[in-house]
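Just below is one structure, and these are the notes that go with it.
The values are calculated or read from the model by the stated rules, or taken from the named source; none is laboratory data. Owing to the predicted nature of the structure, the values given are computational and were not obtained by experimental measurement. Positions of Cβ are generated from backbone atoms using ideal geometry, with glycine treated the same way; all protein chains shown enter the neighbour counts.
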Amino acid sequence: MDRSVTHSFRSNLLDELEHATNRLIEGEAVMKRALGRLWQVINDDPGHDPREEEVVVPKREDADGNVDEELDRRFVRVPDPVPNAHKLFLIPYPENDTPVLDPSQFASPGVQQDNLEKALATLRELQDDGREYAERLEEIRESLGDARSQRDVVWEMVREKAIKEIQDAAFDAAED
C-alpha cells in the first residue's frame with residue numbers, strides 16, 4: 001500500500017481536533033457557570049438574610065398604642081425597589097448629592113448607572129454568544145465523529161481491497 005494512503009488514514013488529526021473541540025466546550029461551560037453565578041448574585045438581595053424570620057406585626061387593636069412602632073415594623077417588610085445590581089456595583093450618594101468619597105475618582109450616579117447597564121447588557125450578549133458558540137462546537141464535534149466513522153469504513157474497505165490484491169498476487173505467483 002502507498003505510504004501516503006496509510007498515513008492519511010492513520011493520522012491523529014481527527015483525534016487532535018476532537019480534543020481541542022472538547023477543551024473549548026469545557027471552557028465555555030466554565031464561563032457559563034461563572035455568568036450563572038454572577039446572575040444569581042445579582043438577583044439575590046444583598047441586604048436580605050434568607051435565614052431571617054418574618055417579622056410578626058400585631059393587629060392594630062392588639063398594639064399597645066404605639067402606632068409609629070407598628071408602621072416601622074411594616075416598613076421593614078416592604079421590598080426595596082432598587083435593583084440588586086445597583087446595590088452591588090454603584091457607589092451611593094447621600095440625599096444632598098454630596099459624595100462620600102472624592103467625586104474626581106468616581107463618576108456621577110447617572111454615569112455609573114449607564115455604565116453598569118451597558119456592562120450588564122454586554123455580559124448578556126456574551127452569554128448568548130457563548131451559548132451559540134457552544135452549540136456550534138458541539139456540531140463540529142459531531143461532524144468530527146461522523147468523519148472518523150466514515151474514515152474508518154473507507155480504511156476498512158481499502159485494507160480489504162489491499163489484502164485481496166496481495167492474496168491474488170500471491171495466488172498468481174504460486175500458479176506460475
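Just to check your reading of the model, which residue among R33, R3 is at pLDDT 85 or above and not aliphatic (A, V, I, L, M)? Before you say what the answer is, go through the steps one by one.
Values: R3 fails: at pLDDT 85 or above.
After ruling out the rest, the residue left standing is R33.
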(message) List the residue pairs whose Cβ atoms are under 6 Å apart, where the first residue sits in the range 146-169 and is touching a residue at least 60 places away in the same chain (Cβ under 8 Å), the second is surrounded by 11 or more Cβ atoms within 10 Å (Cβ to Cβ), and the two are 6 or more positions apart or on different chains.
(response) R148/L14; W155/F9; A162/M1
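Just for helices (runs of 4 or more DSSP H) wholly inside the range 59-176: which have at least 2 residues that are over 31 Å from the mean Cα position of the chain (by Cα) and at pLDDT 75 or above?
Working: elements: 67-76, 84-89, 109-175.
Output list reads 109-175.
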(request) Take the range 36-52 and flag every residue that is surrounded by fewer than 12 Cβ atoms within 10 Å (Cβ to Cβ) and either of a type in the set (S, T, Y) or modelled with pLDDT of 85 or more (or both). (result) G36, R37, Q40
(message) Step by step: first the residues of the range 107-131, then only those that are of a type in the set (G, A, S) and exposed (fewer than 13 other Cβ atoms within 10 Å of the Cβ), then the one that is farthest from L38 (Cα to Cα). Which residue is that?
(response) G110
